[in-house]
Structures are given as C-alpha cells and as structure tokens.
Amino acid sequence: MSRRPDSAKMANGFNGDKVGIYNFMGLSEIKTLNELFLTAVDRHNKPDCFLFKSEGRYQGVSSQEALRKVAGLASLFSRFHVERGDRVAILSENRVEWALTDYALLGLGAIPVPIYTTLLEPDVEYILRDSGAKGIVLATEPQLAKILNIRPHLPDLKFVLAMNCSNLQGTGAECWEGSIELEMGLATNAVEKFAAQAETVQPEDIATILYTSGTMGKAKGVVLTHANIVSNVLECAKLFPLDRNDACISLLPLSHILDRTLDFLCMWRGVSIAYAENLDSFPVNLKEVRPTLVGVVPRVLEKINDRVMEVVRTSPPARQKIFYWALGVGKKAIPYHLKGRRMPLGLKLKHAIADRLIFSKVREQLGGRITILASGAAPLSRELAEFFYAMGLPVYEGYGLSETSPVIAINYPGRVTLGTVGPPIPNVEVKFGEEDADPEGGAGREILVKGPNVSPGYYHMEEENRVAYTDGWFHTGDLGVMDAEGNLRITGRKKNLFKTSGGKYVCPEKLENLFQSHPYIHQIMVLGAARKFVGALVVPVYQRLEAHAAAHGVTFKYREDLVAHPEIHAFMQQLVDETTRWLPPHERIRQIVLLPYELSMGNGEVSATLKVKRRVVEEKYRDLIEEMFSRHAPKVQESGARSQKSE
C-alpha cells in the first residue's frame, strides 16, 4: 500500500490517537518541538540563548526573554485569528525573529511555511497560494514590496507582519516589534497560556511544510510532523558532544531544513545560537562569535579554502614551502586522528611544529574554537575534507533530504570515513532499489529510506506520493552504495544519470564533484545524453583566468571575447583533461563551452539551495550545446598516461 498523507487531514493537522499531556519538568523524552523549546528554556535558562549583531557587536537574548517574546507573538497571531492547522509563511533572512516566529506558530499548532528570500515573485505567489497561507511574516522592505505586488492575487492572505520595515503606512502591514510589545501590555498570563496551548499539540501534527527548490519542475510542499523532526534532533544529538558551553553560528538559510533542524538541536542541547549577518560578513562574524559548531555546505568550505590558498599563493616562496610541508604533515596525521591512534614520535613532533606555524593560525581566522563543521546539502570532495582535517578542523559530512527531516546518515566523532556520508543514524533504515538504474553498476542503485524521520508525503499531491512512497519506503531519487563497514556513499542522482549514444552510462555528479575547489573552474555542468561523447558547460574563476590571460599576452575587452579566444579555450580544456584523465574513456569530458557569466538564482538557473536547474540551463544554452556536440571529439589518453602539465 502506498504511504501517503490525506489532504483533508493535512489542512488541520493529523487526527491520530492522543498521547496525553506532557509534564515538561520531569520529561524523559520529548515528542514535539513545543516540548523541546519549553524544556530547553527551563533546563538551560541561558543569558545568551540567541545572539544577534546590533550596534557593532553581538548581543544576547536570554532564554526567558525569548519565551516572553514567543508568548507575545503567539498571542498576537491569535488576534490575527491564526488557529491550529493554519499555514503562515516566513519570508526572512536568518535572524532571531525568524526563530521566535517559528516557535510561536508551532506553539499554537499552526504550520510555518518557510520561503527562500531569493525566490522571485511568481515562485513566492505559487507557494502562498498552494499552501493556502493565512498570513506572512517578513523582514525587509524589498520582501515587503514583493508581497504587496502579489497580494491582490492572494485572497486567503489575511495579514502581513513586518520585522524590519521603517515605513509601513499605507501598506496594510503590521510592525513585528511594536505589535509584540503592545500585545504583551494587553495580554495577561501570556507565557502560561502559551505553554498550555503548546501542550495540546501532538507528535503527529504537522510542524511545517517545506517547498523544495524545484530543480526538476514544480516545487513540492514537503510535510513534516513534530515527530519527524524531533526524532531527527534526538538521534543526532546523541552522536555529537554538545552542551551549554558551546556556540553555533547560523549561516545556511533557516528556510532549509538542515539549518532549522540544527537550530532545534542547539536549542535542545543549550548551545547558544548566533546569526551571521550575511555571507560577506561571515569571516568577521566567526571571529566575533568564536563558535564551536558551524553548519555549512561544501561551497562555504570551498570559499574558506580559496581564501587560505590565495594567501599562500601571494606569500614569499619560503612561506609557501613551509605551508605545503605543514599540509603534507597534517594529511599524514589524518588516519591517526580518525582512528584515535597515537602518532609515531617523529610525526607527532612534526605535527606539533606544523600546528604552531600554520594550523593554529588558520583556525584562529575562523574564531579559534571550532570542533564541528557539519556539512550537508551537496557532496563534499574528499580532497576538501582532507584539507580541513589537516588544519585540525573536523568536517562531518552527512546526507539527507527535506523529506527526511533531513539526516539519513552522517559521520560523527569516533566514526568517520572520508569519501562517505557515514552510517545511517539509529532507527533509520536504508536499502537499495531492486532495479539498477545503471546495469554496469558504476553509479549504484536508488537509496530507499524508512524511519520516524520520513515525511508522510507531499502536500495534496497524491500522484507524487504514490510514486515516492511504496510499502513504507521513501524513494530518495539518489543513487548510492554501502561499503563493507556500513557507510553510505552517494554516487549521483537517478534522474540525472544518462546514457551516451554508445550505450555507456554516465553519472554527471561524479564528474562535476571532481572540480570542487578547482582553482580555475567555478561551475561546471556535464552533458551527454544520447551523444557520442561527454561535454560540459564551464564557468571559469574569472579573477584567475583573467590573470592567466594577462600573463600570457591574451588581450580582451569583454568576457565574451576572453572565453572565445582559442588559447584560453585550449588552456581550460587542458585543465579539464588533466582532472579527468584517470577516468574510463567514455566518462572523460571531451569538449567544453566556456560561459561568460555565472549561473545564478537571479537568472533562474540555480535553485535557492544552489543546485543548477539542468533543464533551464540546457534550454537557455541550447545553441551553444549543439555547437559543442557538433565538434569532432578529440582522442583521449588512456588512464595513467601523463598529460601536459598545467600551470
């Protein structure tokens, strides 16, 4: 039988068996996010439960102040006639107000619907209409402008609450801070009323509806219950040693389930949560907050790596030599760190010197206290992971989806295997589809998941639910293999796997991941379905490519001229050949097209989670792609053959 949600029940929460009212004070195990919040406030009672940047410095919000504001918000939402099961959207960058709004809605039994701030008006309108949102809470004036433009088309949208807008007169929007303070002045026993209301919410009630980024078509609303998210928080909390002395800096969007679940975990463990101002300010914020825990995507790690390596490249030769010596020592020490074994005395002495000269200085630039870098949302190259481990910055790569709350598998202290996403977390089962998407076996088989973290289904999408959920198993659409030690390795995406005209299967993600942290390649998209050979669209790292052109006498006025220059094209093709020379001949990238501009969200080419929208890009660059595949495919060297060394 297909495991799918009933749309009517979804509108107002599931109507499963009641499990009683919980005693927060003597709780042995939480079952709802409301219990998580109220228990954490009582248990930890911190002066800096949250941290936010204001007037040039980070300031704390105490646990009790957070609870007071959450209760005031809940009372305000009640005056807006928000009831159990109502959907309310949140359109905001990461900030304390986001989290407080989330807890207030959850306490009422309402359903927060996060929206990425990078989405365009038509996408925002679709989510608000599809979810039937009664209201929206937003942060800034540009976001307010989006809503004012589309509000005439949304009769169900009854209220707009603005966090940080200076002039709301004539907009029909309410002021977040002023409304809360007014509400707290009017309400009596607001905290007690909020706690009593929060207790009535059940584990099977919907906690949120998350709209996927829609890289393969229309966005789908992923339904997650309180039980789904709580199960993920509790199991992950057991794997990582965190307590009230730790601090986390939140950079990834709270609209994404990865950072939101991480915030819930931090709340549960008493970890202070600071919000980064933005990506550009992130390096400064790291030094200000000095976190011990940071949730990242590989792109953030790539940027840190690039910044370090740029400093190295511009250093005197003697310092470069010391750095690369230290990096080599650090990599030799990795197996000993991962297995908890003692290093030989000679290596231990070298490592101590390398740490003092190099590694400690790199760590200090990131605040000096990081013990956990939790990486997800995209594959992490082994080379990049080794760089951070060598520096004494452990990266714990995990795997999951919005539909799994999100963690399915993760590396954790004492159990790390680089090149994998670790073992499945406790109480989560993983198996593989019987039908092999790639008969040759190189790309693995589809990953199927069962567990308490798995979504009951997509919001009123019956056909999609029939396909995604069969016999209690969720079909992830990802391909993978399990190693002998029970670690999961992700090999690609089932829908993206293609077959060349020669009948050979190619996994584009496998090839694209080879170029993570490449000094000259910023973005790459591999193509070749039903073609004679594999090709790729490439966006160079223009700062370095332009420097290379200047050093080799290549003149140009515009980037279009640069990428069209034969010498530049030959140079970039050489770099691609060098990176893929060890692959089987049918997988090597034989031709490339250089794009003059980055694939971006603004142009609709990249999703809010930074995934390339393949269909959109293929359609936009159809002529260039056809021209590429019309070229003669050059012969490639056999594996192991030496190729011309690039600079």
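Nothing in this text is a laboratory measurement; each read-out follows from the coordinates by a stated rule. This is a predicted model, so every value here is computed, not measured. A quick note on method: Cβ atoms are made from the backbone with ideal geometry, for glycine too, and the neighbour counts reach across all protein chains shown.
Things worth noting here:
- Using just its DSSP H runs of length 4 or more, each adding -39500 (n - 2.57), the chain gives a mean residue ellipticity at 222 nm of -11500 deg cm²/dmol after division by all residues.
- Within segment 56-116, the GluC sites (Glu not before Pro) that combine a DSSP coil assignment with at most 13 other C-beta atoms in a 10 angstrom radius are GLU83.
- Summing +1 for each Lys or Arg and -1 for each Asp or Glu among the other residues whose beta-carbon sits under 9 angstrom from that of LEU254 gives -2.
- Segment HIS565..PHE80, full-extension length gain: 168.5 nm, with 0.36 nm per residue of separation and the alpha-carbon distance subtracted.
- Inter-label distance, nm, simple model (7 Å from Cα along the C-beta direction), ASP156/LYS495: 2.3 nm
- Listed values for segment 377-392 are Karplus-derived 3J(HN,Hα) couplings in whole Hz (6.51 cos²θ - 1.76 cosθ + 1.60, θ = phi - 60°), namely 6, 7, x, 10, 5, 4, 4, 5, 4, 5, 4, 6, 4, 4, 7, x, and x replaces Gly and Pro.
- Projected label distance in nm at HIS632 and LYS321, using a 7 Å step from Cα toward the beta-carbon: 4.7 nm
- Sorting 333-339, 465-471, 40-46 by their mean Cβ neighbour count within 10 Å, with the most densely packed peptide first, gives 40-46, 465-471, 333-339.
- Theoretical FRET efficiency, 1/(1+(r/R0)^6), r = Cβ-Cβ of GLU29 and ASN427, R0 22 Å, to 0.05: 0.95
- Fully extending the segment from ASN603 to THR371 would add 79.8 nm, taking 0.36 nm per residue of separation and subtracting the current Cα-Cα distance.
- By definition, a body whose alpha carbon gyration tensor gives a ≥ b ≥ c is oblate when a/c is 1.5 or more and a/b is not larger than b/c, and segment 13-226 fits this oblate description.
- Sequence-distant contacts, meaning Cα pairs under 8 Å at least 6 residues apart, place the relative contact order of the chain at 12 percent.
- Looking at segment 75-104, the trypsin sites (Lys or Arg not before Pro) that sit in a DSSP loop and have at most 16 other Cβ atoms within 10 Å of their own Cβ are ARG84.
- A full extension of the chain between ARG342 and SER360 corresponds to an added length of 4.5 nm, given 0.36 nm per residue minus the alpha carbon distance.
- Cα extents of segment 501-630 along the three principal axes, largest first (Å): 43, 34, 28
- Burial ranking of peptide ranges 514-521, 32-39 (average Cβ count within 10 Å, highest at the top): 32-39, 514-521
- FRET efficiency for the pair SER54 and ALA530, taken as 1/(1 + (r/R0)^6) with r the Cβ-Cβ distance and R0 = 41 Å, rounds to 0.15.
- Percent of beta bridges antiparallel (DSSP, the chain, rounded to nearest 5): 55 percent
- Sites GLN169 and TYR126, calculated FRET efficiency, Cβ-Cβ separation with R0 30 Å, nearest 0.05: 0.55
- Semi-axes of the equivalent ellipsoid for the chain, Cα gyration tensor, largest first, Å: 42, 29, 26
- Per-residue packing, averaged as other Cβ atoms within 10 Å, sorts the ranges 270-276, 314-320 into the order 270-276, 314-320, beginning with the highest.
- For segment 540-559, the residues whose backbone nitrogen is under 20 Å from a point 7 Å from the Cα of VAL311, taken along Cα to Cβ, are 544.
- Estimated inter-spin distance, ARG415 and ASP483, nm [label 7 Å along Cα→Cβ]: 1.4 nm
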